[in-house]
Each structure stands twice: as C-alpha cells, then as structure tokens.
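Everything below concerns the one structure shown next.
Bear in mind that the values in this text are calculations on the coordinates, not laboratory data. Keep in mind it's a predicted model, so treat the numbers as computed, not measured. Methodologically, a virtual Cβ is constructed for each residue, glycine included, from the backbone with ideal geometry; neighbour enumeration extends over all protein chains shown.
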Ligand code: ADP
Ligand code: MN
Ligand code: MN
Ligand code: MN
Ligand code: MN
C-alpha cells in the first residue's frame, strides 16, 4: 500500500517532460477491439493532438494472435488514422484509432475502414452526417449471457431482487429499483467528452441494465472512427467497474427489447434544399427499398432475432418507412416531414454493427448509386 501511495504521488507530480504514451487501437479478426501502447519520445510538451498526429509512426502487431494473419507471415501493419486524448492516462497522452494493412501496403480483409473511406472520398461535397445511437447491455459476474441465472446476470434487479418485473419503468429511469449501471453510462460519457469524441447524449433503455449513447453528427468516415473509439472507451470503463458490456442485438430472449444502432443520416442537400423530402429523400428511400437485403447483410450478426416486428422494430424481410413511425425500417422525424428537409433514421442496424460498413453502405445507396 505504501509503495502504491508513493507511486501515485510520484506519477501525479510527473510533468511528463518529453514523452507521450500512444494507445494504438484496432479491430481484430473477430470484430473485437485490441490495443497496445507505443511510447513516443522527444516530444515538446504540451503538444497538440494535430502535432502528435503528424509524427505518429506506422506500427505493427502479431496478426496470428488476433485472427488476422497466418503464423508464418504474421506481421500486420497498423496505420494511425484518428487521434483522441486519452481519458485514462490524462496529460498529453493519446489514443489512436488505427487500421490494418499487409506489409505490402494492401488493406487486410478485415479492414473495412479502407473501403468506406474510399466511398466517402468519391463525393466529399455531399457532406454526409451520421448520428449513431449505440445501445448496449451490461452484465455482471460472468460473460455468458442468459438471464437471470447466476454467472450470467445483467446489471438488472435480478442481482438483488430475483426476476425483474416486465418492461415499462426502466427507460430513462431514476431510482435504485429501476435504474442499473448509471455510473458506467456517466463515466463513459465523460471519458468520451474528454477524449474529443462527438458524443451527443445518453439514456437508460427499455430493458433493465440496457443503455444507449449517441455519437454524432459526424461527417463521413469520422463516424466510424468515433464510434469504434467510443466502444473501446466503454470496454475500458467496464473493465474498471468489473462489469462486462454486451453488444449482442438480442441479449435476453423473450419479451425484452433488443439492442440496436439506429443510424441517423443526412446529406448537405437533404438538410438545406427546400422540399428535399420529396425530391431527394424519397428517391433515396426507393433505392434503399431495392437494396434492403444488401443492407441487412451488413447490419449486424444475429439481427434476425431483434428485427421481429415487435419491440419497436420492423420485420427483417420487408422495407418500410413512415413519418414518426418507430415500427418502420426507416423513420422520418416529424420535423423533417414538417419542414420538407432534414434527416432520416435507419432503425435496422443492430448494436453490434461495424459502423464503417453501415455508413459506407448508406452513402453508396443514397448518393453514389443515384449519381
Ligand atoms: P431518437 O429520437 O431516435 O432516440 P437520438 O436523440 O437518440 O434519437 O439520436 C439522434 C442522433 O441523430 C444524434 O446523435 C444526433 O446528433 C443525430 N442527428 C441530429 N441531426 C442530424 C442530421 N441532420 N443528420 C444526421 N444525424 C443527425
Ligand atoms: Mn512481443
Ligand atoms: Mn435514441
Ligand atoms: Mn434507443
Ligand atoms: Mn432512435
């Protein structure tokens, strides 16, 4: 204890003369997140994010340990793409969203960022905005899902009170009998703000122990970068609280809401052009209907268990849209219908989506295909 106290005191006094710890974060071969730290020396502090970004080196890792390369040729190259402040280490330390390449410089098959980035680069003047509503479910005492058996408890009332009562009192709730996990949601929001992630809000969800936060609006590829880093921060916050987060779209079977990633979307013309609802959005939505199953293919694993037509969802096999309709695939907000311009909400994406794939696909269907 004494040693720990002394360590803490010394670290607090450290003015961090000329080094920065850079946490490189990347997506692994299974859709999870990995990270490791690179110490950057010879830095003049305090340093801006921009100046650090300019001097961050390309790095590498052992892809045979992450499902991303065979053992005999295991080096995967990490390219820094987006830089955030590190809320865990503080100071001038940073977190870096990186993506993965072969030594020859080709994106590896799991690098979905490269493809999305190429799509957005075709028409940057469209200024696509994305606001993603990330829902998640918190579990305590074990990672195996199933509820409320021991070793598989959500952050719900089952922990103290036995089986939770039916849905109703939990959404946007306050109170120890209905609200579970607020310190995690709150710490996460604060850490994201510190990091420079464009988080726009949070709320307790319909199922006990289920929460949501929103990231956006972000322009183009930034949406995926901010979303992935926000998930990494969630993993680290949960680690500190001794809790696990599930991104499963139907973590508890039965009469409980699933978890989604509603994706709110607009282009500059949708936002600004008078009557864009009729002249721009309706043709976009018609093409979305044609491409419905192509979208579903990248809208998350296990989404069939969530998109049943119940629990504020539309059935997975049929595209629909409607004003203020939370039972449609795409919801047109009242304001958009009223003003004839604005944005729409694609309600189909599941909580476990790859936002690079989803944002890229929406941009392709609504802009590039129609050009
Ligand atoms: P809901 O009413 O469906 O719960 P939220 O308030 O949770 O919606 O999330 C809406 C998200 O949409 C936010 O991240 C917000 O920043 C984003 N958003 C707002 N306006 C636009 C727009 N014009 N284009 C894209 N996203 C937008
Ligand atoms: Mn090693
Ligand atoms: Mn929401
Ligand atoms: Mn929600
Ligand atoms: Mn929504």
*Over what distance in Å are the Cα centres of the range 49-74 and the range 284-326 separated?*
36
*Inter-label distance, nm, simple model (7 Å from Cα along the C-beta direction), residue 62/residue 186*: 4.1
*What are the radius of gyration and Dmax of the range 2-115, computed over its Cα atoms and given in Å?*
16.2, 52
*asked:* Considering the Cα positions of the range 254-371, please state its Rg to one decimal place and its Dmax as a whole number of Å.
replied: 13.7, 44
*asked:* At R0 = 25 Å, how high is the FRET efficiency between residue 279 and residue 305 if r is their beta carbon distance? Nearest 0.05 is fine.
replied: 0.10
*What ranking, highest mean first, results for peptides 202-214, 60-72 when packing means the other Cβ atoms within 10 Å averaged over each residue?*
202-214, 60-72
*Considering the convex hull of the alpha carbon atoms of the range 327-371, report its projected area averaged over all viewing directions, in nm², one decimal.*
4.0
*How would you order 79-90, 224-235 from highest to lowest mean count of nearby Cβ atoms within 10 Å?*
224-235, 79-90
*With a 10 Å radius around each residue's Cβ, average the other Cβ atoms per peptide and rank 94-101, 27-34, highest first.*
94-101, 27-34
*asked:* Per 0.36 nm of contour for each residue apart, how much would the distance between residue 125 and residue 49 grow if the chain were fully extended, relative to their Cα-Cα spacing?
replied: 24.8 nm
*Relative counts (whole %) of C-alpha pair distances in the chain, using bins that are 10 Å wide*: 5, 22, 30, 26, 14, 3, 0
*Once you treat every alpha carbon in the range 309-350 as an equal point and sum by Debye, what is log10 I(q)/I(0) at q = 0.18, 0.30, 0.33, 0.34 Å⁻¹?*
-0.46, -0.99, -1.11, -1.16
*Taking 7 Å along the Cα-to-C-beta vector as the label spot, tell me the residue 239-residue 268 distance in nanometres, rounded to one decimal.*
4.0
*Between residue 369 and residue 13, what is the label-to-label distance in nm when each label sits 7 Å out along the Cα-to-Cβ direction?*
6.4
*Determine the calculated [θ] at 222 nm for the chain from helices alone, applying -39500 (n - 2.57) to every DSSP H run no shorter than 4 residues and normalising by the residue count; nearest 500 deg cm²/dmol.*
-8000 deg cm²/dmol
